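K.L.:
Please find one structure pasted underneath; my questions will follow.
The values are calculated or read from the model by the stated rules, or taken from the named source; none is laboratory data. Only a predicted model underlies this, so the values are computations on that prediction, with no experimental measurement involved. Using ideal geometry, Cβ is built from the backbone for each residue, glycine included, and neighbour counts are taken over all protein chains shown. Note: accessible area is taken over every heavy atom of the protein model, side chains too, but ligands, DNA and RNA are not part of it. Shrake-Rupley method; radii C 1.70, N 1.55, O 1.52, S 1.80 Å.
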Amino acid sequence: MMNWKMILTRTFLMQPTLLTLMLICYIPGTVYGYIWYGDQLVDTWKDYAHWLIPFVPDSPTSSLFFTIALIWLWAQSRQTASPMLRAIRSFIEAMGVVTSIKYGVWACAIIFAAAAQGSAIVWEDWMLIVSHGSMALCALVYARFFRFGVIALALAAAWTFLNDLLDYGIGIYPYLPFVLKDDLLGVAWFTFILTAVSIACAAWARFAPRMNREASLVPDKRF
């Protein structure tokens, strides 16, 4: 019987079949996420500056970055890539890990916070809990197989904090359950703190020596 230690090994996690199955889940899930944000994207386009649009669909964008990182990981093409392409890939990997952890946990926390104030958890909520919880877990598990460095992580951190500032400074944050409307300040503080925690978790998952002992793919310059 396979134990959890075996499941967490590079041999198991880097199987092409498993990566393909993950992509089969991630690609339609990402598309569905953008559809889910459809109304808010339309409202933002009408009421705010158009350049803010990329900062609106938080969860599907994090899923998009992680999906692209998985495709690159599946293709194993870094060793033949140009320095510019490696830098772009590193940024995408860092963004995929940081934002997947952040928004994966955020969505689950918001649903349970609303439930604590009397909002019913319906089947769509359970779907979101499973999908977003899995998103955060996958980002933590696969971070050690990516090759992003400190610079890429710092850029991803800057983008994510900027996203928070725009969300709660301008008002383009994801639509909240009605019962949390009067807790906006608390949600904002939680979101900023969660960003910091997610960056720390991404750094630990990527750079911890024990995590990386067997994860190295091809040595290259870190970005």
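K.L.:
What tally of residues in region 146-158 results from selecting those that are assigned to a helix (DSSP H, G or I) and surrounded by 20 or more Cβ atoms within 10 Å (Cβ to Cβ)?
P.N.:
So the count comes out to 4.
K.L.:
Being touching a helix residue (DSSP H, G or I) at 6+ places or on another chain (Cβ under 7 Å) and farther than 24 Å from Tyr32 by Cα is the filter here; which residues of region 157-169 pass it?
P.N.:
Result: Ala157, Phe161, Tyr168.
K.L.:
Still on this structure, please answer the following. Taking Trp4, is it of a type in the set (A, V, I, L, M, F, W, C), open to solvent by 80 Å² or more (accessible area, probe 1.4 Å), at pLDDT below 95 and within 23 Å of Ala152 (Cα to Cα)? Write out each step before concluding.
P.N.:
Details: of a type in the set (A, V, I, L, M, F, W, C): yes; open to solvent by 80 Å² or more (accessible area, probe 1.4 Å): yes; at pLDDT below 95: yes; within 23 Å of Ala152 (Cα to Cα): no.
So Trp4 fails the test.
K.L.:
Quick one: Ile193 ticks every box in (1) at pLDDT below 95; (2) surrounded by fewer than 14 Cβ atoms within 10 Å (Cβ to Cβ); (3) closer than 30 Å to His50 by Cα except a single one, so which number is it?
P.N.:
(1)
K.L.:
Are any residues in region 130-145 of a type in the set (A, V, I, L, M, F, W, C) and either open to solvent by 60 Å² or more (accessible area, probe 1.4 Å) or within 14 Å of the chain's Cα centre (by Cα) (or both), and if so, which ones?
P.N.:
Within region 130-145, Val130, Met135, Ala136, Leu137, Cys138, Ala139, Leu140, Val141, Ala143 meet the criteria.
K.L.:
Could you run through region 7-36 and say how many residues are over 16 Å from Leu73 (Cα atoms) and at pLDDT below 90?
P.N.:
2
K.L.:
Just to be sure before I move on: is Asp167 assigned to a helix (DSSP H, G or I), surrounded by fewer than 22 Cβ atoms within 10 Å (Cβ to Cβ) and modelled with pLDDT under 95 in the structure I sent? It would help to see each step written out before you state the result.
P.N.:
Details: assigned to a helix (DSSP H, G or I): yes; surrounded by fewer than 22 Cβ atoms within 10 Å (Cβ to Cβ): yes; modelled with pLDDT under 95: no.
Spelling it out, it is not the case that Asp167 is assigned to a helix (DSSP H, G or I), surrounded by fewer than 22 Cβ atoms within 10 Å (Cβ to Cβ) and modelled with pLDDT under 95.
K.L.:
Conditions first: (1) surrounded by fewer than 17 Cβ atoms within 10 Å (Cβ to Cβ); (2) modelled with pLDDT of 95 or more. Ala203 passes all but one, so which condition is the exception?
P.N.:
(1)
K.L.:
Would you confirm whether or not region 112-128 contains a residue that is at pLDDT 95 or above and touching a Ser or Thr at 6+ places or on another chain (Cβ under 7 Å)?
P.N.:
Checked region 112-128: no residue is at pLDDT 95 or above and touching a Ser or Thr at 6+ places or on another chain (Cβ under 7 Å).
K.L.:
Now for a different question. Can Gly104 be described as touching a Pro at 6+ places or on another chain (Cβ under 9 Å), in a helix (DSSP H, G or I) and surrounded by 13 or more Cβ atoms within 10 Å (Cβ to Cβ)?
P.N.:
Considered against the rule, which asks whether it is touching a Pro at 6+ places or on another chain (Cβ under 9 Å), in a helix (DSSP H, G or I) and surrounded by 13 or more Cβ atoms within 10 Å (Cβ to Cβ), Gly104 comes out as no.
K.L.:
For region 10-93, list the helices (runs of 4 or more DSSP H) that sit wholly inside it and hold at least 1 residues that are in contact (Cβ under 8 Å) with a residue 24 or more places away in the chain, open to solvent by 20 Å² or more (accessible area, probe 1.4 Å) and under 19 Å from Leu137 (Cα atoms); which are they? Show your work before the answer.
P.N.:
Details: elements: 10-13, 16-36, 38-47, 58-75.
So the answer is 10-13, 16-36, 58-75.
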